Every structure is written in C-alpha cells, then in structure tokens.
Amino acid sequence: MKHEIARTLRPGRRHGKNQRGIALLTTLLLLLLLMALSLAMVMSASSDMMINGYYRNFRGSFYAADSGLAIARQDMMNQVAAAIPATFNATTQPIPTGTDGTVQTYMNNTYGSSYQPTTGSGASANSWPGKYKITSATFTLAQCTVLGGTGTCQAPAGAVTGYQYIYNYALTAVGQSQGNQSVTVSDRGSVIVNANLVSASTTTSFAGWGMFIDQYTICDGSTLVPGTITGPVFTNGAWNFGTSGSYIFTDPVGSVNASAGFQFSGQCDQKNATSDKVGGTTIAPTFQGGFNRGQNPIPLPPNDFNQKRAVLDRMGSSNSPVTKQDLNNNVRNISKTPYPNSGASSGVYLPYSVDSHGNNPTFTGGGIYVEGDAQVKLTPSGTNGQTYTITQGGVVTTITITPGSTPGSGTTVIASGSNSLTINGVPAMQDPATNAVTGDGALLYVNGNITGLSGPGQGQAAINDYTALTITAANNITITGDILYKSAPVTLTQTTQNGQSVPADTLIPANNHQQALGIFTANGDIQLNNGQSNNNLEIDAAMATISQGGSGGLTNIGNQINTLNIVGGRIQNSIKNINTTTRNVFFDRRFGGSFGPPFFPSTTVTNGSISSTTPVITTQRVQWVNETAF
C-alpha cells in the first residue's frame, strides 16, 4: 500500500516544476507594456506641445497683422484730420486738393519699409511679442460733396453748410510672432469726413469792401464800367458785364444771384458762369480771387442815427434819433450859445462844455455839427492837424484840430470873421463798455446837403497824417475836386522793385500813419461834379451811399470824367451813371479788420466757421480677408 501511494504522488511534483518561469515572463511583458505606454504618452505630449506652439505663433502673427491694420487705419484718419484747418469759411473747401496722395505716400513710407512692433512703451513686459508691416496702402478721394449749396468743392456756391469727403482705402498687412510663421490680412473700405459749418456773425465795417452794390438787377441794360477793382466785391443782386473794356478783380467777388449778366449788342445772357461768348465776342472778366455766386445777402444799416449821435457822445451807441433837446444839451456855437431848443436853419456847432462862469471850454464829443447846407474844404495843418473850412452863404467858419500826445488831448480852434475860440481837447472815440477814450477820430455831420466837398486843389493833400475822419450828410454830398491823403497808403500803379513785380494796391508800410477818410450818406447820393481842367478825379476815401430801403449811389452830375481813381471803396444802394471813361478802385487794404474810418456804417455778416476743431471722421469697412489659410 505504501508503495502505491508513493507512485501516485511523483507525477504531481514534476508538473509544478515546469511552471516556475511564467511569473517572470509575465512581469517582463507587463514592464514592456508599461514602457511602451510611457513612450507613447511622452511622444503624444511632445507632439501636442509642438502643434500648440505652432498654432500659437500662427495666431500671434494673425493678431499682429490685424493690429497693424487697425493702427494704420487710425493713422490715416489722423492724417486727414491734421489737414483740416482749425477754421475755414463757406467758400473754401477745408481739405486741400491732393491730400489723398499725401496721405498715401505717408502711409507707405511710414509703415512699409520695416516691421513695426505691436507693443508700445506702455505695454506689459509679459505682452506677447508681435510685429507687422503694411505691404500695400492706397488712399484715394472718391467723392466730395458741397452740403447745402451748389457747385464743386473747388468752386462752391450758394448757402454752403458743410463739406463731405469720401476716401476709399485698401490696406494689406503682414504679421509675425515668435516663430517664422507669417499671416497676411487685407482690409478695404471708406474714410468718411463730415466738416459741418455753423453760422458765425461778426460786425464788419462797410469800409471792408472795395465795392459793394446792394441793388443790381441782372440784365437791366447797364454794365459795370471797365477797369481794375481791388478789394472784396459784393452785391445783393447780380453783376452785369459788358464789352467796352476789360475787367480785373484782384480779390473775391460775390453775389446773391447765382447768375451773372453778360451784355452783348442787343442781347443779354444770364449765366451761372464766369464768362460768356456770342459769335466772335467774348466777355471774360479776370477773377483773381474767384467769383462766388449764390451767397447770403448782407444786411444794410437802417439810418445815420449813430453817426449823428457820435458827434455828441463820442460813441454813436444809440440807434435812436437825435432830438433838438439833445443838441441843446450838448453843442454850442462859437459864441458859446447852445443849439436853440426851437431849432436852427444854419450854423456850426461843437460839443463842448464851459464852467459856471462860461469859461474853460472843454471838448466833450466826437466831432462837428453843421446845420443846413454847406460847402466843406479839407486842408492839412502842421504835422498832424486838420483844418475844416465850412461855408454857408456868406459865412465862413474854420475849425482847426491839433491832436495832443494822448487820445482826446490837444486843442480845437473855431474861428469866423473876427471871432475865435480855443477849446481844450479834440474829437475822440470812446468805448461804450468802459467809457475809455480809445483814440482820436472826428465825425463831421452836415444836417443838409454838402454842396461842395474838396481838398485845396488838384494833386494837393487834403487829409493829414494821423487824421481819422468820417464826413456824413443827411442828404446829397457833391465832390468837386481831388480829396487826397497826404501820404498815399497803397500803390496806384504796377511797379518793379528788386526785379520783382509789385502790383497796384500794394500797401506802403512807411505811409501808414493811421489816416482814414470815410464819406457817408444814408438818404442821398454822392455826386461827382468835377471842376478840374484835365477831367481826372481822385478820391481817397471809403464812400458809402447806403441804408435799408435807400436808393443812393455814386453818380456824375457834371462833365464826363476821363479817369476816376478811388483809393478806398465804393459802397452804394444802386448802380448809377458815373459818366466816366475809366474807373479804378484801389482798395485801402488797411480797412476791413479793426481799422477804418471812425463811426463808419457797419453790418452784421453771417459767415461760415467750422463747428469743431475735430470734424466727424468715421470708417466704413466693406471687406476684411485673412489671406493665409491655416
């Protein structure tokens, strides 16, 4: 039995011995699998990192290119804004012609030569680095529109309220980040500029025009006399040009009517144009400063109340009529007698006060008051004095004004026959706001007709240096001879200096001694009755025959004038016959700003000025393309 059991157990021990290497093999296989998995994980992670890095650099390049487009687009808008002046008027486009080419050249030169960083000095130190380059930039004017008016931006007309510009642009940018990846992005669209105007009102002296005509009907049968006219020219009607000679306008010409009249023999054309031709005849005035038609009308002064009152108070600040009581309170004659409450038919009166004893006469007003018709002769006195010789019937009164060293100081001497009176002080101008005396300036007011106004003789000085004077009459003013400045403020002929051409109407700085003459009537005409033998006449003055509802003008009631020279300007309600072969207006270019004849009529002019120093500039993108696929 024991032997049988032993034999049974031996085969079992041999089977266990054959399975001893399986555990080791299993362990090795598991280790190999773990290593393979680990290697796969490492390779996968490394591949993901490489892909993510490439994608990140690609996106960084894309953002760099897109940022470059935004920077360049904004700079284009900035360059356009910089081309617009802080202020501009309704008749001159704000953005100069050729600005689009200038901006395009600037963009290509600034952004196209090398890569630009997208991060500036204010960026974080950890900002993702990127750079861009504008490889192509175009900027062209597609359209310019005059808002509220007519014409083109180069030649606007009518009631212009603003300008709109549309510029088409196209930009291509290449961006780069840390790697070598590059992305190209393009952008195109429009830059829209709206420069709107607002009404701006300014007070302007009528002396600021070389010629102003209120009422001038188109094709009414009359034409302007040929010649040279300098200074601004304007009419509340229309200009009519003829064929008898040439016209030269050196400064801007304007009219309310959108058309001009071109008068040929038996035919008058109404055209919104600067010239006209019928058959072989052409009318083509020279407009060196442009011809602006369809403009806003200029308001006219209502009356001459300001001028009359300026004699009394130095200001002319009230637009109410001067009464007999006002005159009684303010002016006296050579005998120190006040103007009578009942009125007077003639006489010369000055605004001065006396003390309780009737002594110490002191000038208190702004000029000379003459009651009734009179003749007036103007003569210089000494270095800076001025003499007025006033003749009424057989009575001759002379007034000599000699200014002192400060405004309002000096002496005024009135003499008639054997009587003479010296008055302390001279006519002056006073600021209504502060009551401060601002300068010497006289107003000679004749409450009637000036039947003869002249200087001492042809070619002789009538207005002294430093004399500022306005002569006003309630009715007609008749000029019988030359009225000349002692020092001519502008040239009257074209000359050559140092090899350069100097045109007529050029200021002579050495002759600017603040001399100024204005001649004004609100209710009558300035009549020319030239008594000089050579039939030539020169008037150095701004002349105005103008008021609301008036019909005054410059007219010749005497012999035909060969050459009429006006150094200043002519401002009138209506065109009248001056019976002159050649008429030249040489504008006194000192006039028109803050300087002009004292108490001369003025007006409120509405013009255009920019509503903001930064016009409204917007962009409209029509296409954005990423030209690099990824």
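Before moving on, here are some points about what is shown:
- Of the peptides 227-234, 283-290, the order by per-residue mean of other Cβ atoms within 10 Å, starting with the highest, comes out as 227-234, 283-290.
- Helix 2-17 and the longest principal axis of the C-alpha atoms of the chain enclose an angle of approximately 30°.
- The chain: antiparallel DSSP beta bridges as a percent of all, rounded to 5: 60 percent
- Listed by chain and number, the aspartates and glutamates whose C-alpha is less than 20 Å from the C-alpha of K308, apart from same-chain residues fewer than 8 away, are D326, E371, D373, D431, D440, D525.
- Shape call, the stretch 401-546: gyration tensor on alpha carbons, a/c limit 1.5: oblate
- Cut-off 14 Å between beta-carbons: net charge of the residues surrounding G592, Lys and Arg +1, Asp and Glu -1: -1
- Taking a ≥ b ≥ c as the square roots of the eigenvalues of the alpha-carbon gyration tensor, the chain is classed prolate because a/c is 1.5 or more and a/b outweighs b/c.
- Accessible surface of the stretch 474-620 [probe 1.4 Å, protein heavy atoms]: carbon and sulfur percent: 42 percent
- Label point at Q270 placed 7 Å out along Cα→Cβ; residues across the stretch 202-231 whose backbone nitrogen lies under 18 Å: 215-224
- The stretch 144-169 and the stretch 557-601: distance between their alpha carbon centers, rounded to Å: 35 Å
- Bridging of K486 to lysines at a Cα separation below 22 Å is possible for K377, once same-chain residues fewer than 8 apart are set aside.
- The stretch 203-263-the stretch 394-433 distance, computed between alpha-carbon centres (Å): 40 Å
- In the chain, the DSSP-assigned H stretches of four residues or longer account for a calculated mean residue ellipticity at 222 nm of -6000 deg cm²/dmol, using -39500 (n - 2.57) per stretch and the full residue count as denominator.
- Accessible area per residue for the stretch 478-624 is 40 Å², calculated with a 1.4 Å probe on protein heavy atoms, without ligands, DNA or RNA.
- Local net charge near A474, Cβ-Cβ under 11 Å (Lys/Arg +1, Asp/Glu -1): -2
- Averaged per residue, the stretch 339-462 has 39 square angstrom of accessible surface, using a 1.4 angstrom probe with ligands and nucleic acids left out.
- Within the stretch 66-106, backbone nitrogen closer than 14 Å to the virtual label 7 Å beyond the Cα of E627 toward Cβ: 66, 69
- Full extension of the segment from T581 to V278, taken as 0.36 nm per residue of separation minus the current Cα-Cα distance, would add 106.6 nm.
- Note on the stretch 161-241: with neighbouring protein chains present and a 1.4 Å probe, carbon and sulfur make up 44 percent of its accessible heavy-atom surface.
- J(HN,Hα) series, the stretch 517-527, from Karplus relation 6.51 cos²θ - 1.76 cosθ + 1.60, nearest Hz, glycine and proline x: 10, x, 10, 9, 9, 8, 10, x, 10, 9, 9
- Taking the 1.4 Å solvent-accessible surface of the stretch 357-417 as the whole, the part contributed by carbon and sulfur is 52%.
- Axis angle, to the nearest 10 degrees, between helix 22-82 and the longest C-alpha principal axis of the chain: 10 degrees.
- Descending by average beta-carbon neighbour count within 10 Å, the peptides 576-586, 99-109, 270-280, 435-445 line up as 435-445, 576-586, 99-109, 270-280, the highest first.
- In order along the stretch 447-464, phi translates into HN-Hα couplings of 7, x, 9, 8, 7, x, 10, 6, x, x, x, 4, x, 9, 5, 10, 10, 6 Hz, rounded to whole numbers, per the Karplus curve 6.51 cos²θ - 1.76 cosθ + 1.60 with θ = phi - 60° and x for Gly and Pro.
- Working note: Karplus 6.51/-1.76/1.60 with θ = phi - 60° gives the stretch 319-324 the couplings 9, 8, x, 7, 8, 4 Hz, where Gly and Pro are set to x.
- Using the 1.4 Å probe convention, the accessible area of the stretch 172-233 works out to 33 Å² per residue with neighbouring protein chains retained.
- Assigned charges on the beta-carbon of Lys, Arg, Asp, Glu; the chain dipole about Cα centre (debye): 4280 debye
- Of all DSSP beta bridges confined to the stretch 472-579, the antiparallel ones make up roughly 15%.
The values are calculated or read from the model by the stated rules, or taken from the named source; none is laboratory data. Not measured: the values here are computed from a predicted model. Virtual Cβ from ideal backbone geometry, glycine too; neighbours counted across all protein chains shown. The area values use the complete protein model at the heavy-atom level, side chains included, leaving out ligands, DNA and RNA. Shrake-Rupley method; radii C 1.70, N 1.55, O 1.52, S 1.80 Å.
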